[in-house]
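The values are calculated or read from the model by the stated rules, or taken from the named source; none is laboratory data. Everything numeric in this text was worked out from a predicted model, so none of it was measured. Every residue, glycine as well, gets a Cβ built from its backbone with ideal geometry; the counts of neighbours run over all protein chains shown.
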Amino acid sequence: MGVAERLDPTLQIDHEFVAKSVAVHEHCATRRALPHLFNHGPKSIPEPIRRDGQKRPQPVGRQAQATTPIVFRMGGPLEGIRVLDLSQVVAGPLATQILAEQGAEVIKVEPIGGELTRVTGPDHIRGLYANCNRGKRCLAVDLATPDGVEIVLSLAERSDVVVQNFRPGVVERLGIDFDTVAARNPDVIYGSVSGFGPDGPYSQRAVLDPVVQGLVGIVHGQVSESLPFPDLVRTLVADKATAHTVAQTITAALFARERGAGGQHIELSMLDATLAWFWPDGMADLTHHKGEIVTHRPCDLYQLVDTLDGQLVYFLASQSQFEGMWRALGRDDLLADENFCNPGLLTRNRETATEAQAAILTGLAQMTTGQAVAALAEHSVPAGPVLTRAQVFDDPQVIHNNLIVEWDLPNGETLLQAGPPGTFSATQPEFRPFIGVVGEHTEQILAELGHDAAAIASFRGAGVVA
């Protein structure tokens, strides 16, 4: 059976995938935890617990739900916030993972066979899925069935936030759009994430990250004298810029709700978020004019250069940094020449700028990377080595900051992830080392909605859930 068939929401769960995945995901343990992230609560994997008789924090004027939710014991700033994640791939799931990392309870709704990033990939861990869906409970449901839609609406009715990234028009056809959800939950914050927006000439086009990179100028922005042709940025910058923007707009809307604004619909496209993210420096030379302007952008101030044993990156933006570079290279002759130290003069005199760059390249090429970085650091010049991805794990500052978390898996494999960035002095959430398999929490979630064992079995038998 192919991937496309397994993704069809009318089919049953991909049992082969789940059987192989359960052994990997169950009973995960953290090998190297984040000490500065575990100062609230136990360091073991937090199990869902019931807080009988307790009401979750309610915004001013918000009527409390007559339910007893199951939440994770967290101390994060978003503790008590419930998020329903209907999104797939990266932009939406990463946004809701950010909310989970800050203490929210997130329920992920997937097709019966699991979402795209879960069922593709060379192993059973599915790295991209794991890196965008940590700490979420998982429900598999067929949205092509009336019962499946009602399950989702019932969850949305009890949620503070709903996030979806279906193509424009799909949620309306399914009956899980903002108006339908808001009729049952007026205080909901409903986030719609799309490629290009709800309407317009591109709204119905299929889109993935590289397409947006090309449209907003990122690809063309890679052009330089050393790389005189456009190129993609080899990471999902559009998806990740969108994810962080979604998370920020949702928390802003939650704050507005606390101040009496009520629920609202947030519409955000990858095109909008990525262009805004790229603009400050990427469009700096076009900010005051319309059309191509031949001038220097901020990225022209930093360079990738060869050393005796590798490469490094440096950034020269001020006169003191240019002076520091010449001191580090022992070029007192250039240090004494204002033409080689004044950024304004260098910008206006291309010939001198070219000569200065050649002197830098020649000088750094005679040092090892370690020697060059040390010399530049001594003179307050921003510089650092170009590490391979594997070398990142052994970088002294990365180790000092406890940035990498390793999970010991029961099958002997290890899952490596970056821990949540930032710490909170009063509301530090506990890192949640858990990734659910397809439908792992289906019965638990349905029970919370009031369905008994017989009803849940009936749903399973009809292919409504898995």
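Residues that are more than 24 Å from Ala261 (Cα to Cα) and either in contact with a helix residue (DSSP H, G or I) (Cβ under 7 Å, 6 or more places away or on another chain) or modelled with pLDDT under 95 (or both): which strands (runs of 3 or more DSSP E) entirely in the stretch 129-213 hold 2 or more of them?
Details: elements: 137-140, 161-164, 189-194.
In the stretch 129-213, the matching strands (runs of 3 or more DSSP E) lie at 137-140.
Does Thr245 fit the bill of being in contact with a Leu (Cβ under 7 Å, 6 or more places away or on another chain), closer than 24 Å to Phe196 by Cα, at pLDDT 95 or above and in the same structural domain as Gly191 (by TED's automatic domain parsing)? Reasoning before the result, please.
Numbers: in contact with a Leu (Cβ under 7 Å, 6 or more places away or on another chain): yes; closer than 24 Å to Phe196 by Cα: yes; at pLDDT 95 or above: yes; in the same structural domain as Gly191 (by TED's automatic domain parsing): yes.
Here the answer is yes, as Thr245 does meet what is asked.
If only one of Val438, Val405 is assigned to a loop (DSSP other than H, G, I, E, B), modelled with pLDDT of 90 or more and either in contact with a Ser or Thr (Cβ under 9 Å, 6 or more places away or on another chain) or acidic (Asp, Glu) (or both), which one is it?
None of the other options fit; the residue is Val438.
For Leu346, are the conditions met, namely being in contact with a Phe, Trp or Tyr (Cβ under 9 Å, 6 or more places away or on another chain), crowded, with 18+ Cβ neighbours inside 10 Å and under 14 Å from Val305 (Cβ atoms)? I'd like the intermediate steps shown before the answer.
Numbers: in contact with a Phe, Trp or Tyr (Cβ under 9 Å, 6 or more places away or on another chain): yes; crowded, with 18+ Cβ neighbours inside 10 Å: yes; under 14 Å from Val305 (Cβ atoms): no.
The answer is no for Leu346.
Across the stretch 234-244, what is the number of residues that are crowded, with 19+ Cβ neighbours inside 10 Å and either touching a strand residue (DSSP E or B) at 6+ places or on another chain (Cβ under 6 Å) or not in a helix (DSSP H, G or I) (or both)? Give the derivation first.
The first filter runs over the stretch 234-244 and keeps only residues crowded, with 19+ Cβ neighbours inside 10 Å, leaving 236-243.
Narrowing the set further to residues that are either touching a strand residue (DSSP E or B) at 6+ places or on another chain (Cβ under 6 Å) or not in a helix (DSSP H, G or I) (or both) leaves 236.
Of the residues in that region, 1 qualify.
When the residues of the stretch 134-170 are narrowed to those that are without any contact (Cβ under 8 Å) to a residue 40 or more places away in the chain and in contact with a strand residue (DSSP E or B) (Cβ under 8 Å, 6 or more places away or on another chain), which ends up farthest from Glu406 (Cα to Cα)?
Looking at residues that are without any contact (Cβ under 8 Å) to a residue 40 or more places away in the chain and in contact with a strand residue (DSSP E or B) (Cβ under 8 Å, 6 or more places away or on another chain), I get Pro168.
Consider Thr352 against the criteria (1) part of a helix (DSSP H, G or I); (2) loosely packed, with under 13 Cβ neighbours inside 10 Å: it satisfies all of them except one. Which criterion is unmet?
In the conditions (1) part of a helix (DSSP H, G or I); (2) loosely packed, with under 13 Cβ neighbours inside 10 Å, Thr352 misses (2) alone.
Modelled with pLDDT under 95, at positive phi and in the same structural domain as Ala243 (by TED's automatic domain parsing): is that true of Gly114 in this structure? Show your work before the answer.
Values: modelled with pLDDT under 95: yes; at positive phi: yes; in the same structural domain as Ala243 (by TED's automatic domain parsing): yes.
Yes; evaluated as a whole, the condition is true for this residue.
Confirm whether Gln428 is modelled with pLDDT of 90 or more, in the same structural domain as Cys138 (by TED's automatic domain parsing) and either more than 17 Å from Tyr302 (Cβ to Cβ) or more than 23 Å from the chain's Cα centre (by Cα) (or both). Show your work before the answer.
Values: modelled with pLDDT of 90 or more: yes; in the same structural domain as Cys138 (by TED's automatic domain parsing): yes; either more than 17 Å from Tyr302 (Cβ to Cβ) or more than 23 Å from the chain's Cα centre (by Cα) (or both): yes.
Yes; evaluated as a whole, the condition is true for this residue.
Sort through Ala455, Ala390, Ala426 and tell me the only one that's exposed (fewer than 15 other Cβ atoms within 10 Å of the Cβ), in contact with a helix residue (DSSP H, G or I) (Cβ under 9 Å, 6 or more places away or on another chain) and without any contact (Cβ under 8 Å) to a residue 60 or more places away in the chain. Walk me through how you get there before you give the answer.
Values: Ala390 fails: in contact with a helix residue (DSSP H, G or I) (Cβ under 9 Å, 6 or more places away or on another chain); Ala426 fails: in contact with a helix residue (DSSP H, G or I) (Cβ under 9 Å, 6 or more places away or on another chain).
Just one listed residue meets the conditions, Ala455.
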